[in-house]
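The values are calculated or read from the model by the stated rules, or taken from the named source; none is laboratory data. Since we're looking at a predicted model, the values are computed, not measured. Cβ sites come from the backbone with ideal geometry, for glycine too, and all protein chains shown count toward neighbours.
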Amino acid sequence: MKQQRRAGISTTRYMLLVGIFISLSIIALGIDKLIPAGVAATADIDTFGPLVGAELLLALLGLIACPIAAWLYLEECQTNNQWRLLWGTCALALITEPFYDRVVTGEWFGFATIRPSNLAWALVVCFLVEKFITHQPWPIQVAVVLAGLAWLVIFQVGQWLPFIPAGLVIYAFFIMFHYLRDRENTMMLTAGMLGAVCFITPALGVALLHYRAGENNLGDTPGHGQGQAQRPSFWWLLWYPVAFACLTLVVSIR
């Protein structure tokens, strides 16, 4: 039977969407540096109120990227160059970390104490957890998933604002997609509920994922597996250190 391609959003467009939405969150982080500490408790709220609102709005819009990024990275984990992907992601996180530390803490390296670390480390955790839970008994899977969760919490991975743990959001979607990716309807319903719990906006990213392009042939799930129209490329991740480098330059000049 001839395969029929299902029209929808292509992988390339998903990579572009992730770049756009994460960039919004990085801009929100930059705005946060413009707002003096304790503004909410002072008369300056009249002056900086619009900035606080813009910061919160951009940060929440940035969360739309989380389910999409989790799906793209899970797809990359299924490629033949898996360990190359790990080393590439580690390099990405290491390159980004000094810029992240400079923006968040004001120092180039913040290794002396446990401080928030950049979002790329969440992808490293996702990769390692996915590899160690595959084809393992349930007790080991549960232990590994909880270990990954503990890592993200202890090191505050991907902490955009004090109340937005983007690293945990991506990790939650990644694990959920790993276990439910062969059950399209269940996966989308569960992801939608998870997105609604995680500040609502990630549910919009889940809705976008539902319309991913692919091929539907016999029993294949549309949009992945044998019918996947296009695998994501690692290069979609490189905008992240570039964006933080630009923000670091702006913060340093200011």
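Listed values, structure above:
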| item | result |
| --- | --- |
| Residue check, Thr79 outside any helix (DSSP H, G or I) and touching a residue at least 60 places away in the same chain (Cβ under 8 Å) | yes |
| Flag if Ala150 is at pLDDT 90 or above and farther than 22 Å from Gln78 by Cβ | yes |
| Residue among Ala166, Ala196, Ala143 that is surrounded by 12 or more Cβ atoms within 10 Å (Cβ to Cβ), among the aliphatic types (A, V, I, L, M) and more than 18 Å from the chain's Cα centre (by Cα) | Ala143 |
| Condition broken by Leu17, with the remaining ones in (1) modelled with pLDDT of 85 or more; (2) not in a helix (DSSP H, G or I) satisfied | (2) |
| Single unsatisfied condition, His135 versus (1) under 30 Å from Ile27 (Cβ atoms); (2) in a loop (DSSP other than H, G, I, E, B) | (1) |
| Residue list for segment 51-65, filter: touching a strand residue (DSSP E or B) at 6+ places or on another chain (Cβ under 9 Å) and either at pLDDT below 60 or not in a helix (DSSP H, G or I) (or both) | Leu63 |
| Yes/no for Phe48 being at pLDDT 80 or above, aromatic (Phe, Trp, Tyr) and surrounded by 17 or more Cβ atoms within 10 Å (Cβ to Cβ) | no |
| Residue check, Asp220 touching a strand residue (DSSP E or B) at 6+ places or on another chain (Cβ under 9 Å), over 30 Å from Gly30 (Cα atoms) and modelled with pLDDT under 90 | yes |
| Any hit, segment 106-125, residues being over 19 Å from Trp239 (Cβ atoms), modelled with pLDDT of 90 or more and crowded, with 18+ Cβ neighbours inside 10 Å | yes |
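Yes/no matrix, rows are residues, columns are (1) of a type outside the set (A, V, I, L, M, F, W, C); (2) in contact (Cβ under 8 Å) with a residue 40 or more places away in the chain:
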residue: His135; (1), (2): yes, no
residue: Trp138; (1), (2): no, no
residue: Leu149; (1), (2): no, no
residue: Gln159; (1), (2): yes, yes
residue: Phe163; (1), (2): no, no
residue: Tyr179; (1), (2): yes, no
residue: Met187; (1), (2): no, no
residue: Gly192; (1), (2): yes, no
residue: Ala196; (1), (2): no, no
